[in-house]
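Chemist: Following this message is one structure expressed as structure tokens.
FYI, it's all coordinate maths here, none of it is from the lab. Note that the coordinates shown come from a computational prediction; the quantities given were computed from them, not determined experimentally. Virtual Cβ from ideal backbone geometry, glycine too; neighbours counted across all protein chains shown.
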Amino acid sequence: MKKIIAGLIAAAMGAAAGAQAQPSAPAGPLQLWRLDCGDLMMKRYGAWFSDTFQYPAGAKPLVGSCYLIRHGTRHMLWDTGLSDRLIESPIDNAEQSMSLKRSLVDQLKEIGVTPEQIEIVGISHFHGDHTGQARHFPAAKLVIGAADWDALKGTDERLKDTREDLAHWLAGSGKALPVPGDVDVFRDGSVTMLALPGHTPGHSALLVRLASGPVLLSGDQYHFTEQVKNRGVPSFNTNRADTLASHDRFDRIAANVGAKVIIQHEPADIAKLPAFPQSAK
Ligand SMILES: [Zn+2]
């Protein structure tokens with residue numbers, strides 16, 4: 001019995017050490033690009049973004065952001081943004097407007113990356129503004145929180161658009177990796193998908209440990225800067241208690257590793273990374 005407990009403690013310590021390990025150098029320089037994944041105007045800001053009536057009525061501009069990570073010769077996309085169908089047909093209704101200037105494929109082409117070179121597509125959560133262009137990367141392995149994956153396999157009508165975006169993987173034609181917790185994506189500590197449930201059941205953020213310092217990409221843990229201070233929870237949210245716990249974990253990780261926090265929908269945070277086609281290293 002003692003032996004078993006000692007073994008368990010050693011295994012747990014090993015896991016903890018792994019989680020905190022500084023990355024060994026990847027096969028080449030780690031690079032991070034911010035890609036434009038759309039513009040949004042939320043016209044009922046107060047109603048959508050606080051379940052405690054914290055924000056005023058009125059409109060709030062947000063952006064859609066996707067990211068390319070180059071790890072040596074390997075490539076990962078983090079989120080796939082609004083649908084590229086919006087380039088031709090932008091949406092403008094009483095709730096919101098959504099538009100996209102340029103597709104992901106087109107932006108990647110500018111830096112010499114083809115869709116076939118994208119090995120991994122990481123999805124922060126199942127909302128359609130994060131899955132809209134996934135279908136252009138059918139060769140990629142889709143990595144997504146297991147609880148979001150399970151929800152997509154269910155019958156919730158609100159996930160209809162996302163189901164179409166990810167149909168290739170849901171049908172079993174593409175490789176999918178639903179993950180129940182944190183994932184060390186390249187197995188060297190350089191890029192970690194962090195399980196932060198609440199906004200959706202399998203919501204995740206992404207920690208990228210660049211040589212210049214760690215960067216923490218929010219997913220939709222927060223949608224804009226004010227939410228960090230006032231612990232905002234949107235009214236469209238799966239589990240308030242989990243979201244608050246995930247706010248806490250997210251902030252502690254950022255503080256403990258000294259990460260630059262980038263809120264993906266926050267227009268002001270675009271400037272925290274070099275402007276495309278430049279990358280952070
Ligand atoms: Zn979003």
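Chemist: Taking Lys60 as the anchor, which aspartates and glutamates have their alpha carbon closer than 20 Å to its alpha carbon, excluding any fewer than eight residues away along the same chain?
Modeler: Qualifying aspartates and glutamates at Cα under 20 Å: Asp36, Asp39, Asp51, Asp92, Glu95, Asp129, Asp220, Glu226, Glu266, Asp269.
Chemist: Something else: What full-extension length gain, to one decimal in nm, is calculated for Glu157 and Ala139 as 0.36 nm per residue of separation minus the Cα-Cα distance?
Modeler: Working: separation 18, 0.36 × 18 = 6.48 nm, distance 2.72 nm.
Using 0.36 nm per residue and subtracting the Cα-Cα distance, I get 3.8 nm.
Chemist: For the stretch 120-132, what does the Karplus curve 6.51 cos²θ - 1.76 cosθ + 1.60, with θ = phi - 60°, yield as ³J(HN,Hα) per residue in whole Hz, taken in order and with x for Gly and Pro?
Modeler: 10, 10, x, 10, 5, 5, 7, 6, x, 7, 10, 10, x
Chemist: Grab the DSSP H runs of the chain that are 4 residues or longer, score each as -39,500 (n - 2.57), total them, divide by all residues and round the 222 nm result to the nearest 500 deg cm²/dmol.
Modeler: Working: 8 runs with 72 residues, N = 281.
Computed mean residue ellipticity for the chain: -7000 deg cm²/dmol.
Chemist: Report, in cubic angstrom per residue, the convex hull volume of the C-alpha atoms of the stretch 29-272. Don't skip to the answer; put the middle values down first.
Modeler: Details: hull volume 29.3 nm³, N = 244.
In the stretch 29-272, the Cα convex hull volume per residue is 120 Å³.
Chemist: Under 18 Å from the Cα of Lys175, which lysines turn up, not counting those fewer than eight places away in the same chain?
Modeler: Straight-line reach from Lys175, under 18 Å: Lys141, Lys153.
Chemist: Roughly speaking, what is the centre-to-centre gap between the stretch 112-157 and the stretch 210-233 when only Cα atoms are used, to the nearest Å?
Modeler: Comparing the Cα centres of the stretch 112-157 and the stretch 210-233, I get a distance of 21 Å.
Chemist: Quick one: order Thr155, Thr200 by neighbouring beta-carbon count within 10 Å, fewest to most.
Modeler: Listing Thr155, Thr200 from fewest to most nearby Cβ atoms yields Thr155, Thr200.
Chemist: Let me ask you something else. What net charge is computed for the residues neighbouring Ser124, neighbours being all others with C-beta under 11 Å from the C-beta of Ser124, Lys and Arg scored +1, Asp and Glu -1?
Modeler: Value of the local net charge: -4.
Chemist: Which percentage, to the nearest 5, of the DSSP beta bridges contained in the stretch 29-272 is antiparallel?
Modeler: In the stretch 29-272, DSSP labels about 70 percent of beta bridges as antiparallel.
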